[in-house]
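The values are calculated or read from the model by the stated rules, or taken from the named source; none is laboratory data. What you see is a predicted model; the values in this text were computed from it and never measured. Neighbour counts run over all protein chains shown; Cβ positions are idealised from the backbone, glycine included. With ligands, DNA and RNA removed, areas are computed over all heavy atoms of the protein, side chains included. Shrake-Rupley method; radii C 1.70, N 1.55, O 1.52, S 1.80 Å.
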Amino acid sequence: MLTVTPTGQILGATITGVDLKTDIAKADFAGILRALGEYGVLRFPGQHVDAASLKRFSERFGQIQVLKGVKHHEPGMPEVTVLSNVKVNGEPIGAPDAGQSWHTDMTYSQTKGFVNILSAFMVPMRDGKPVGSTEFTNTQAAAADLPADIAKRLTGLTATHDIEMFWEYMRREKGSKRPPMSAEMRAQRPPVHHPVLMKHPITGRNVIYVNPGFTTRIDGLPEAEGAELLKYLLDHVFQEKYRYVHEWAVGDLLLWDNLGSWHFARPDYGPDELRLMKRCQVMADRIFDPAFVQEALAA
Ligand code: SIN
């Protein structure tokens, strides 16, 4: 039987009683979706899910994003990205993922990101403790705590999200060797606009949908006023009281809700401390359809 055990912290629950290597029952999927809205980050310990099962489980949530030109994916499965610092014959087998800025996946895209699902194959340990943890903030709880006058001011406002901001940050701050975005790349991924306060499709509660990685401005306000409001929101969400750390164990499958959180992969491990994750990023192409949510939760 599916059992949901909340961490008692601002995010997080452990789910047991389901085998994600099988095609799970509709009632179990409903329980998982409900828990996802409520607890944001779900750990399924001891699952040891391979790439094919990871893909099958991920497809239950929506379409999996396939990033053009990303070479580090499971052979024959571009939907499953390999994240790792492991090298074979001196060649990295995965994309590095740690130490990027705090962000929410795919807010720069018209179709937002919904969930990330990672299966842990190798977890670096130091002095008996895991390193390379993943941190989160709860933007749903942060929205609920906004002062009434700020919440009122945000009603109807949108913000601009632009992948170029992140791209330039990686070049400037993280030593990325990527060239500047070309005019063609910019035309393919133009800035997009999303509501600043957005109704979460599972819970119906507001989330603050801006993040430090991709949000460049609040639209329609004078520059200084918009910048001040954006800074206020980022500082608000970033408070310690909204944060949660997931410490990995080999075999974990971690499912998190990008619509209600930011995340950050801690870069606190060295090149000889090996980490290997396989990941699917699922788009919010179905979750904003009330009929999909109603049907999925009906079981
Ligand atoms: C991610 O940002 O999707 C990866 C996070 C991690 O590797 O901990």
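Going through segment 7-47 one residue at a time, which ones are under 27 Å from A144 (Cα atoms), open to solvent by 60 Å² or more (accessible area, probe 1.4 Å) and in contact (Cβ under 8 Å) with a residue 12 or more places away in the chain? Lay out the reasoning, then the answer.
Restricting attention to segment 7-47, the residues satisfying the condition of being under 27 Å from A144 (Cα atoms) are 7-15, 29-43.
Those still in the list that are open to solvent by 60 Å² or more (accessible area, probe 1.4 Å) too: 8-9, 34, 38-39, 43.
Selection gives Q9, R34, E38, Y39, R43.
Scanning segment 82-91 for residues that are without any contact (Cβ under 8 Å) to a residue 60 or more places away in the chain and either open to solvent by less than 60 Å² (accessible area, probe 1.4 Å) or within 11 Å of the ligand (Cβ to nearest atom) (or both) turns up just one, G90.
Considering every residue within segment 238-261, establish whether at least one is charged (D, E, K, R) and open to solvent by less than 40 Å² (accessible area, probe 1.4 Å). There is at least one residue in segment 238-261 that is charged (D, E, K, R) and open to solvent by less than 40 Å² (accessible area, probe 1.4 Å).
When segment 93-149 is filtered for residues that are near the ligand (Cβ under 10 Å from one of its atoms), open to solvent by 10 Å² or more (accessible area, probe 1.4 Å) and part of a strand (DSSP E or B), the ones remaining, listed by number, are A95, H103, E135.
Conditions tested, residue by residue: (1) modelled with pLDDT under 95; (2) farther than 25 Å from D97 by Cβ; (3) surrounded by fewer than 19 Cβ atoms within 10 Å (Cβ to Cβ).
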| position | (1), (2), (3) |
| --- | --- |
| R172 | yes, no, yes |
| R178 | yes, no, yes |
| Q188 | yes, no, yes |
| N206 | no, yes, no |
| T216 | no, no, yes |
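Consider R171 carefully, then state whether it is among the charged types (D, E, K, R), part of a strand (DSSP E or B) and more than 20 Å from the chain's Cα centre (by Cα). It is false that R171 is among the charged types (D, E, K, R), part of a strand (DSSP E or B) and more than 20 Å from the chain's Cα centre (by Cα).
How many residues are open to solvent by 10 Å² or more (accessible area, probe 1.4 Å) and either of a type in the set (F, W, Y) or outside any loop (DSSP other than H, G, I, E, B) (or both) when one looks only at segment 65-81?
Keep residues of segment 65-81 that are open to solvent by 10 Å² or more (accessible area, probe 1.4 Å), which gives 65-79, 81.
Now restrict to residues that are either of a type in the set (F, W, Y) or outside any loop (DSSP other than H, G, I, E, B) (or both): 73-74, 77-79, 81.
Summing the residues that are open to solvent by 10 Å² or more (accessible area, probe 1.4 Å) and either of a type in the set (F, W, Y) or outside any loop (DSSP other than H, G, I, E, B) (or both) in segment 65-81 gives 6.
In segment 263-296, the qualifying residues are those that are closer than 17 Å to R205 by Cβ and buried (at least 20 other Cβ atoms within 10 Å of the Cβ), and the one that is farthest from the ligand (Cβ to nearest atom) is I287. Would you mind telling me which numbered condition in (1) more than 16 Å from F29 (Cβ to Cβ); (2) touching a strand residue (DSSP E or B) at 6+ places or on another chain (Cβ under 9 Å) L255 fails? Just one mismatch for L255, condition (1). Looking at segment 48-64, which of the residues that are within 19 Å of the chain's Cα centre (by Cα) and open to solvent by 30 Å² or more (accessible area, probe 1.4 Å) is farthest from D252 (Cα to Cα)? My answer is Q63.
Residue check: H194 meets all listed conditions (1) under 26 Å from S58 (Cα atoms); (2) more than 16 Å from the ligand (Cβ to nearest atom); (3) not in a strand (DSSP E or B) but one, namely (3). Is it true that E225 is within 25 Å of K112 (Cα to Cα) and either open to solvent by less than 10 Å² (accessible area, probe 1.4 Å) or out of contact with any Gly (no Cβ under 8 Å at 6 or more places or on another chain) (or both)? In short, no.
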